[in-house]
Amino acid sequence: MRATQLFFPTLREIPSEAEMINHKLLLRAGYIRKVAAGIYDYLPLGYKLIRKIETIVRKEMEDAGAQEILMPTMVPAELYKETGRWDLDVLFKFKDRGYRDYAIGFTHEEIVTDLVRRNVRSYKELPMNLYQIQGKGRDEARPRGGVVRGREFIMLDAYSFDRDWDSLDSSYAKMYRAFSRTFALCGLEPLAVEADSGAIGGKTNQEYMVITPAGEDDILVCDTCGYSANSEKCAIGETKIKMSEEKFNALTEVETPDTRTVEQVANFLKVSPKRIIKTLIYKADNKFVAALVRGDRELNEPKLAAAAGVKKVEMVEPETALEVIGAEIGSIGPVGLKKEIKIIADREIAGMANAVVGANKTGYHLMNVNIDRDFSPTIYADIRVAVKGDRCPKCTGKLKVEKGMEVGHIFKLGTVYSDAMNAKFLDDDGKEKVYVMGCYGMGISRMLAAIPEVNNDKDGMILPITVAPFEVTIMLLNPEIDDQCVAATRVYEELTDKGVDVLLDDRDERPGVKFKDNDLMGTPIQVVAGRGCAEGKVEIRVRGTEKKEEVALDDATEYVMKLRDEMFAALRDKANKF
Ligand code: ATP
Ligand code: MG
């Protein structure tokens, strides 16, 4: 490809709307353009990178035994209604001329389960794994970071159907390997972290998190055993509770006008947030529970749900709190609560003495509150979000916190969807059984963002050779000079003949512009046809390194091929670890 024919509108200015590095770079290098919030055009360079990821994905999926299909983008409402997902607020909905309801597919469990339910009969056809690469629509509350969180985005979604859990384990293991290999081949080394299974339920599931300060998720990683988990999920290892040695003081009620948050109460009473017990009222199924965590901690809802023995808990609305407790949310506390409200206290609370809590009277707090003298928790449980320094749940190590960008999510769904949709096959014992399913999602367009987010320098992207839109750029510095033209064209043709993806920068631009644009674009190997051509030499550079080599024109192609092969081999070696 010649740069004179390539549509890549680069920008000199950093676009003000962009905060994340990848977003700035993708806009500046002419990879993407915004159409509307969370909706983007992929220009030739961006789309080429996406297609290279897709090629890698297809090969790894096929090697893992999955088969490619393409399901519709338009999903009839009835299918999402079968599992109750029609009501999710991420759905983009529309009607046809007959006023029938549809949504843009946001993930395709229902559609694929319906396909299999209607067309697969016997255990002999299992295991089956079907995948697709498709544009998805989600009406995200906060689209951000360009293509990191789009409202339309490209996803790989694969779905496995097995006879039983053992067989699912093996399907899952194959997909774990295929995902890990795909990321490694794309130059990403995400951590596979334990994740919360959310409202879907199901068992084991792991998220692939690229560790970067631009990530949205908090990931806890053990400094000793390497265990890692999303903070939504991470359990805290049990340690002996340090009991306060303070003497119990007399309970006192104090007026705390206009204080709603822990911070406001702490400032008003001049106490540390660590002395405050935060009381949060939740609805668990149809009962109310009071959850207690130390003032400086955050409650973890999935953990609370587990402790309450329900699937999901919901924080009550202020009006409900007022009605049930008789006080506004900022003034609620555990002392004197109605008996039917179960008190679930975080384990850490047990060690506290002379604490501050809401008085269950708007605008008042109680000071010097002591457990078992003034109130007693129904149970203690691990219900707070794990933080840096907490004990690892698997060993005696300590947890540290990293930021993660989720590029994939693999999930042992079990029978959640097949039960809801009555999707059955005939097993070898002549009995009808529901499928045991897995689902596997990869954010392909998010990878377009993640790859430059972690592979860049001040000059631009530094792309892995496997996904770079061009593997090699040949910079013809002065198209008016014959020997430079001849040299550039020769290397270009020789490399193209060998199947290398080469860009010939033949634009009528100053050399400085060519260097800048090519660095920005991130092409890993650059061949410079400049003054040296007069002596039969070109310069070969490796993006992101200081490496520069003058090479005889006759040897240039071979030299580039060797560099290229080494780059591919290095990424393959990483993938082969899985
Ligand atoms: P997130 O927590 O980031 O919203 P999710 O849990 O909703 O992700 P899944 O439904 O598991 O994501 O989708 C599979 C993959 O698709 C994710 O791991 C992520 O890489 C990608 N993805 C999800 N939502 C978006 C989006 N709005 N834009 C781009 N990629 C997305
Ligand atoms: Mg989401």
Considering each of 283, 274 in turn, give the residue that is of a type in the set (D, E, K, R), part of a strand (DSSP E or B) and either in contact with a strand residue (DSSP E or B) (Cβ under 7 Å, 6 or more places away or on another chain) or at pLDDT 95 or above (or both).
283
Is there any pair with a first residue in the stretch 469-484 that is under 24 Å from residue 46 (Cβ atoms) and a second that is hydroxyl-bearing (Ser, Thr, Tyr) and at pLDDT 95 or above whose Cβ atoms are under 7 Å apart and which are 6 or more apart or on different chains, and what are they?
470/523; 472/523; 473/523; 474/492
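Here's the yes/no breakdown for (1) open to solvent by less than 50 Å² (accessible area, probe 1.4 Å); (2) in contact (Cβ under 8 Å) with a residue 40 or more places away in the chain; (3) over 17 Å from residue 470 (Cβ atoms):
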position	(1), (2), (3)
3	yes, yes, no
6	yes, yes, no
9	yes, no, no
15	yes, no, yes
20	yes, yes, yes
25	yes, yes, no
31	yes, yes, no
35	no, no, yes
46	yes, yes, no
Considering only residues that are away from ligand 2 (no atom under 16 Å from the Cβ) and of a type in the set (Val, Ile, Thr), which ones fall in the stretch 132-178?
133
So for the stretch 179-191 (the condition being away from ligand 2 (no atom under 16 Å from the Cβ), without any contact (Cβ under 8 Å) to a residue 60 or more places away in the chain and either under 27 Å from residue 105 (Cα atoms) or among the hydrophobic types (A, V, I, L, M, F, W, C) (or both)), does at least one residue qualify?
no
Tell me, which strands (runs of 3 or more DSSP E) wholly within the stretch 522-578 include 2 or more residues that are open to solvent by 70 Å² or more (accessible area, probe 1.4 Å)?
548-552
Sort out for me the helices (runs of 4 or more DSSP H) sitting completely within the stretch 415-514 that have 1 or more residues that are over 30 Å from residue 107 (Cβ atoms) and among the small types (Gly, Ala, Ser).
482-497
Filtering the stretch 185-201 down to residues that are within 16 Å of ligand 1 (Cβ to nearest atom) and not in a loop (DSSP other than H, G, I, E, B), which residue is surrounded by the most Cβ atoms within 10 Å (Cβ to Cβ)?
193
So is residue 215 at positive phi and small (Gly, Ala, Ser) or not?
no
Is it the case that the stretch 445-467 has a residue that's farther than 21 Å from residue 48 by Cα and polar (S, T, N, Q)?
no
Determine which member of the set 215, 226 is part of a loop (DSSP other than H, G, I, E, B) and within 16 Å of ligand 2 (Cβ to nearest atom).
215
Just need a number here: residues in the stretch 85-96 that are within 16 Å of ligand 1 (Cβ to nearest atom) and open to solvent by 40 Å² or more (accessible area, probe 1.4 Å).
3
For residues in the stretch 267-301 being among the acidic types (Asp, Glu) and over 19 Å from residue 389 (Cβ atoms), which is most open to solvent (accessible area, probe 1.4 Å)?
285
How many residues are open to solvent by 10 Å² or more (accessible area, probe 1.4 Å) and more than 16 Å from ligand 1 (Cβ to nearest atom) when one looks only at the stretch 407-429?
9
Return a yes/no flag: does the stretch 158-168 have any residue that is out of contact with any Ser or Thr (no Cβ under 8 Å at 6 or more places or on another chain), over 12 Å from residue 439 (Cα atoms), surrounded by fewer than 21 Cβ atoms within 10 Å (Cβ to Cβ) and polar (S, T, N, Q).
yes
Any idea which residue in the stretch 56-74 is nearest to residue 465 (Cα to Cα), counting only those that are surrounded by 13 or more Cβ atoms within 10 Å (Cβ to Cβ) and without any contact (Cβ under 8 Å) to a residue 60 or more places away in the chain?
59
Given the criterion assigned to a loop (DSSP other than H, G, I, E, B) and at pLDDT below 95, identify the matching residue among 321, 327.
327
Just one of the numbered conditions (1) within 25 Å of residue 454 (Cα to Cα); (2) modelled with pLDDT under 95 is not true of residue 198; which one?
(1)
Which condition breaks for residue 175 when tested against (1) crowded, with 18+ Cβ neighbours inside 10 Å; (2) within 23 Å of residue 350 (Cα to Cα); (3) of a type in the set (A, V, I, L, M, F, W, C)?
(2)
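The values are calculated or read from the model by the stated rules, or taken from the named source; none is laboratory data. Only a predicted model underlies this, so the values are computations on that prediction, with no experimental measurement involved. Cβ atoms come from the backbone with ideal geometry, glycine included; neighbour counts cover every protein chain shown. Note: areas computed on protein heavy atoms with side chains; ligands, DNA, RNA excluded. Shrake-Rupley method; radii C 1.70, N 1.55, O 1.52, S 1.80 Å.
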